[in-house]
1. So what's the Cα pair-distance distribution over the stretch 37-145, bin width 5 Å, in %?
2. A 29 angstrom limit on the alpha carbon distance is what I want to check against. Which of Lys48/Lys89; Lys180/Lys256; Lys316/Lys343; Lys263/Lys343; Lys67/Lys106 exceed it?
3. When only the heavy atoms of the protein chains count and the probe is 1.4 Å, how do Asp394, Asp129 rank by accessible area, highest first?
4. Suppose a student asked you for the relative contact order of the stretch 37-145, using Cα pairs under 8 Å spaced at least 6 residues apart; what percent would you report?
5. For the stretch 280-307 and the stretch 110-188, what is the separation of their C-alpha centers, rounded to whole Å?
6. Heavy atoms only, probe 1.4 angstrom, no DNA, RNA or ligands counted: give me Lys256, Lys369 ranked by accessible area, highest first.
7. Show Ser95, Ser39 ordered by accessible area, largest first, where the area counts protein heavy atoms only and the probe is 1.4 Å.
8. If you place +1 on the Cβ of every Lys and Arg, -1 on the Cβ of every Asp and Glu, and leave all else neutral, what size is the dipole of the stretch 255-398 about its Cα centre, to the nearest 20 Debye?
Amino acid sequence: MLVSRSKDINLFRQSEKVSLIRFLVLYTILVASLLLLISIFYYQSQEKLMYAQYTKLLNTYANSQIKKLKNLHHYFPQQTRYPRSTKFKSAIYDSEESRIFSLLEKEPQYFDNKIYRTDGKIHLVHTLDTYYLGAKYLIIEVDEDRTWLENTLKYILILGAIAFVILSIFGVFFVKLFLKPMRDAILLLDDFIKDTTHELNTPISAILNNIEMIDTSQMSEKNKKRLTRIDIASKSVSLLYQDLTYFALGHKMQKKDEEIDIKALILNRMEYFFAIGNSKNIEFILNLEEVYLFIDKAKITRVIDNLVSNAIKYNKRNGTITIDLTPMGFSVKDSGIGIPKDKIESMFDRYSRFNNTEGGFGIGLHLVKSIVVEYGFAIKVQSSLDVGTQIYVDFRSKGYTL
């Protein structure tokens, strides 16, 4: 339960901002789509209204022109002048849509549409019941008054922008309102985890200190083995406690970089791991050179502890662990179960575990990666199933590679 809550807390912390951004992006897209749809409907309604007004006007012009065409038809060929008007321009086309006579500035594009717009002009297509002068279609053309379009676009832009801003503010308000109960619960659990983690320190330290103070000279071999198992279990819990402490409180810890003797630190930590490794009869091979790094001691300790701890955890019985330290880098190589190739890339992800047969929270290697990246080092991994794994921390490179 403690692990699950800790996981929820840290996941929420990391993803709350991302979730908020994603929600707002999705919300913005939906709002923009809705406003665009409304704008299209409004534009179409205004266009229909404009067409209705022009249809009424141009039908009046068409009826007037038809009368003139009828008169011309009856007096043709004595009268051959095509009737004109200062209010509109017109043209006549036969049943094959071939031009008979035209005063239009723009050629008609359609004969099946009653009215349409084309390059700043309005065309009305009127089908003649009687083919005067052999014409079937009468086209009436006038200049389009684009005032309606300018007003429509202005109205859409202004009201659309206002509506978008208001809906965006509502979106931010609602998402924060919906997240508040979860945030409050997570913060409450966060405090609980911090307090619980802090309280674990005293009993763990007491157990380890008392184990060291026990006089084993008078104990039977059976009890010595029991004490050894208690010691190993206590040290394992201590490692988990240290990871949890750094994981939960590391962002609040003040960074204290100093000159650290890495060889001495490794030797000191190996005294801690020998007992754990002996439970699997693991042989340790140490090839350590003198190396000094300007680094936070607590952070480099977490790197060493987690790499060695994983090497023990995923090693085979009677296996070996080789630890190399040079001025160029630090590596831990085991003879364990290895890591599948498809998992190597994600092995440093938070809560990632190689398998479910071993304990742990899956945060150790994530901490290693975050510390290594912070100091500009690199991580290189080589692994083969049933052969073993080598993790190399390169002090010279920046970034981490697999």
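1. Reading upward from the zero bin: 2, 12, 22, 23, 17, 10, 6, 4, 2, 1, 0, 0.
2. Numbers: Lys48/Lys89 23 Å; Lys180/Lys256 36 Å; Lys316/Lys343 19 Å; Lys263/Lys343 31 Å; Lys67/Lys106 24 Å.
Beyond 29 Å: Lys180/Lys256; Lys263/Lys343.
3. Numbers: Asp394 0, Asp129 150 Å².
Sorted descending by solvent-accessible area, the residues read Asp129, Asp394.
4. 25
5. Cα centroid to Cα centroid, the span is 69 Å.
6. Numbers: Lys256 130, Lys369 50 Å².
In descending accessible area the options line up as Lys256, Lys369.
7. Numbers: Ser95 60, Ser39 25 Å².
The most accessible residue leads, giving Ser95, Ser39.
8. The dipole of the stretch 255-398 has a size of about 400 debye.
The values are calculated or read from the model by the stated rules, or taken from the named source; none is laboratory data. If you're wondering where the values come from, they're calculated on a predicted model, not measured in any experiment. For neighbour counting, all protein chains shown are included, and Cβ atoms are generated from backbone atoms with ideal geometry for every residue, glycine included. The accessibility values were calculated without ligands, DNA or RNA, using every heavy atom of the protein model including side chains. Shrake-Rupley method; radii C 1.70, N 1.55, O 1.52, S 1.80 Å.
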